[in-house]
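Reviewing the structure listed below.
The values are calculated or read from the model by the stated rules, or taken from the named source; none is laboratory data. In this text the structure is predicted, and so the values were computed from the model without any measurement. Neighbour counts are summed over all protein chains in view; Cβ atoms, including those assigned to glycine, are modelled from backbone coordinates with ideal geometry.
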Amino acid sequence: MWVSRTPAARLLSFDPVGRKSSTKRAEGTPVTGRPAASPAPVPGTPVVSIWRLELLVFAVALLVRLVYLWQLSGTPLAGLVIGDAEAYDAWARRIAAGDWLGRAEGVFYQAPLYSYTLGVLYAVTGPSVAAARVLQAILGAAAAALLAGAGRSLFSPRTGLLAGLALALYAPAVYFTGILQKSVLDVFFACLLLALIAPVRAIDTSPRCLARFLAVGAGLAGFMLTRENAVVLVVVVAVWVAAQFRTVPWRTRGAVLAAVLAGLVAVLLPVALRNQVVGGEFHLTTSQLGPNLYLGNNPAADGFYAPLRAGRGSPQFERIDARELAEQARERALSPSEVSDYWRDEALGFITGQPGRWLALMARKTALVVGNVEVGDTDDYYGAAAACWVLGALAWPGQFAVLFALAAAGTVLTWEERRRLWHLGLAIVLFAGSVALFLIYARYRLPLVPFLVLLAAAGVDRAWPLLRDRRWRALRWPGVAALAAAALSLLPLATRQQQAALTPFNLAHDLTYAKNDPAAAIPLFREAIRLQPDYPLAFLGLGDALHAGGRLDEAIAAWTEAERLAPDLELAFFNHGLALLETGRGAEAVPLLVRAAAINPGRARTFTLLGNALFATGQVDAAATAYETAARLEPTNAQAVNNLGTALARLGRLDEALARFRAAATLDPRYAEAHANAGKALVALGRREEAAAELEAALRIDPAHADARRRLDALRGR
């Protein structure tokens, strides 16, 4: 079809960089059927109108988030600070209390910027989850306004408005406002980078241009300090500067890239130096690359998080387990770098040893990255949407699938501008790939959303005149792209029902372990099991809650089911064995504690309890071995050392036993039992005066110690 350009069409036109605009189409130039590209604002556009657009987006985004937080505050979910959120909150409290270098952390294991942001806030307001959520609402609203500015600069004011409002009302972005997670900062930095880069049409060595790219470098560094895989965007910026402006002299491009590097160094170097000073190793951000790579790439991986030791997914265990397991494999103490290298090598061994299986895993994870279901680990988006009507109204089914489909259509509709927009597509591909390389959760893919929203908004802007004019032929290929994207997003690799089980589980977990109300937790654990019948952690929690309520037989049934579903769930075997031991059923406890010790051979308390069970059933030699293992694992554990002495005394090895009792008393000077046991050993050895001194020491610590009193009276002939 051949048409002449009309004034209305000119409003949607965009002249490629380096070409002069013209109000006339050259004779014989074909029209493709796609609408021409929308222009960036022309020089002279009133600044006030631009700011009005972005202030409107900011106001809408902030209002929605504050209403959501108000509604959230009236639900039981408001008090849930669990998983990573609990770790960030605790870390921020330590920072606010004065530990600004994070000496307790050593080399950073988790990205630090979010905790330091909270720490500064807590130092000003006091530790307040509510204040943190309000700050996150402001940052989320600012991100939407920045995205509106990016859309305005990259496409048109209308596209900018659509993009800003889309992010302002995007339900998962609203949801993460209420979670103490770095997700809000992730989105903020993604939008900041887009807003800084979108207006760039040319580069030079002027202070203004170099300052912009210095800010780009600093923004990239900030992004890397919240989400380490954001390092791939450094590649995008470098390639874009080098390739997009290839007609510009290398000296100019080098100056611009040097400004980016300076921004990166200015932010990251202090972190690396802090790691060197505090942890003894130079790391730009964190030392968890290896463990994270292994978690996403191992023979049992499915794209979702599974801790190195079952049931120990809390942040306080992740670092410990990664180090302990690596040290057990290497049979020596390892530095943070060596721990990371061990797990990296394990992951690479799987990748190179089973390439077909790994490629299939990567295909699955790539589909999960764009999957419609918002997958949580300890957080439940769907539970919050059910509890808060404003989030529920925004969280209509298929939201990500629709966004992904519109972004695919937008890619086709803006294809003629690919020479100008290719860096946007490269950023999406590389960031999505960096997510797929590791693990897939809603919060990990959330930084992709601003990039997709820009393409989706541009697609809607381009498609509207075609729809209005019923130009269906021009919409054919955008429609095909949208349908293909939607089909990929809707693949049933995860279900909403599985995610819904998280809310009752989280509430029950909080009631059982934080609020000491196991009776109220029991029906919630059962509801989680109803929604997800193969949920081993829910059975573990149910067993713990039932045991706390004195319902041992029901607890045993729950623990047994947890053990069946997750044969490596150490805590199920441990808690089951402990409960049996406490009720005098040592013989039944032994195999359970043996299994727990086999799963986690680095836990001293397990071996102490195993020794107690073996001792109670007359297996004294085996008990001594278990106690010795506990004492070796934890040399400062006075109970394990004392119990080893008890077993040695029962075996007739009194001198060795006495040495252990005295060592236990030295480790814990207030340990009356160790002094009493030393007194008994000395009596058996015929050293009466020394025995009396030890028994007197026991009674000074614990005047009600009946055995020590009886033996001392016997020594004195009373």
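Scanning region 122-137 for residues that are in contact with a Ser or Thr (Cβ under 8 Å, 6 or more places away or on another chain) and touching a residue at least 24 places away in the same chain (Cβ under 8 Å) turns up Y122, A130, R133, Q136, A137.
Scoring A310 on the criteria (1) part of a helix (DSSP H, G or I); (2) not assigned by TED's automatic domain parsing to the domain that holds Y114 leaves a single failure, condition (1). For region 489-517, taking the residues that are farther than 16 Å from L80 by Cβ and assigned to a helix (DSSP H, G or I), the one that is modelled with the highest pLDDT is identified as S489. The number of residues in region 249-288 that are surrounded by fewer than 16 Cβ atoms within 10 Å (Cβ to Cβ) and part of a loop (DSSP other than H, G, I, E, B) comes to 3. Among the candidates D544, D534, the residue that is under 24 Å from L80 (Cβ atoms) and assigned to a loop (DSSP other than H, G, I, E, B) is uniquely D534. Listed by first and then second residue, the pairs with beta-carbon distance under 6 Å, at least 6 apart or on different chains, first residue in region 312-323 and buried (at least 16 other Cβ atoms within 10 Å of the Cβ) and hydrophobic (A, V, I, L, M, F, W, C), second part of a helix (DSSP H, G or I) and at pLDDT 90 or above, are A322/P291; A322/V339.
Between A638, A622, the distinction of being touching a residue at least 24 places away in the same chain (Cβ under 8 Å) and surrounded by 16 or more Cβ atoms within 10 Å (Cβ to Cβ) belongs to A638 only.
Would you check if there is a residue in region 450-462 being surrounded by 18 or more Cβ atoms within 10 Å (Cβ to Cβ), assigned by TED's automatic domain parsing to the domain that holds E416, acidic (D, E) and farther than 30 Å from L80 by Cβ? Yes - at least one qualifying residue is present in region 450-462. Taking every residue in region 224-243 that is assigned to a helix (DSSP H, G or I) and pairing it with any residue that is at pLDDT 95 or above and charged (D, E, K, R), at least 6 positions away or on another chain, the pairs with Cβ-Cβ distances below 7 Å are V241/R253; A242/R253. With respect to the conditions (1) in a helix (DSSP H, G or I); (2) touching a helix residue (DSSP H, G or I) at 6+ places or on another chain (Cβ under 7 Å); (3) more than 21 Å from N575 (Cα to Cα), R670 falls short on a single one, namely (1). Going by the conditions given, is A572 crowded, with 18+ Cβ neighbours inside 10 Å, touching a helix residue (DSSP H, G or I) at 6+ places or on another chain (Cβ under 9 Å), among the hydrophobic types (A, V, I, L, M, F, W, C) and free of Cβ contacts under 8 Å to residues at least 40 places away in the same chain? When the stated conditions are applied, A572 does not pass them.
When G652, G602, G645, G618 are screened for being at pLDDT below 95, assigned to a helix (DSSP H, G or I) and under 30 Å from T666 (Cα atoms), only G645 passes.
Which one of these is farther than 21 Å from V237 by Cα and either among the basic types (K, R) or surrounded by 22 or more Cβ atoms within 10 Å (Cβ to Cβ) (or both): A408, A395, A401?
Working: A395 fails: either among the basic types (K, R) or surrounded by 22 or more Cβ atoms within 10 Å (Cβ to Cβ) (or both); A401 fails: either among the basic types (K, R) or surrounded by 22 or more Cβ atoms within 10 Å (Cβ to Cβ) (or both).
Testing whether each residue is farther than 21 Å from V237 by Cα and either among the basic types (K, R) or surrounded by 22 or more Cβ atoms within 10 Å (Cβ to Cβ) (or both) leaves just A408.
Of the residues N298, N372, the single one that is touching a residue at least 40 places away in the same chain (Cβ under 8 Å), crowded, with 16+ Cβ neighbours inside 10 Å, under 30 Å from A171 (Cβ atoms) and more than 17 Å from the chain's Cα centre (by Cα) is N372.
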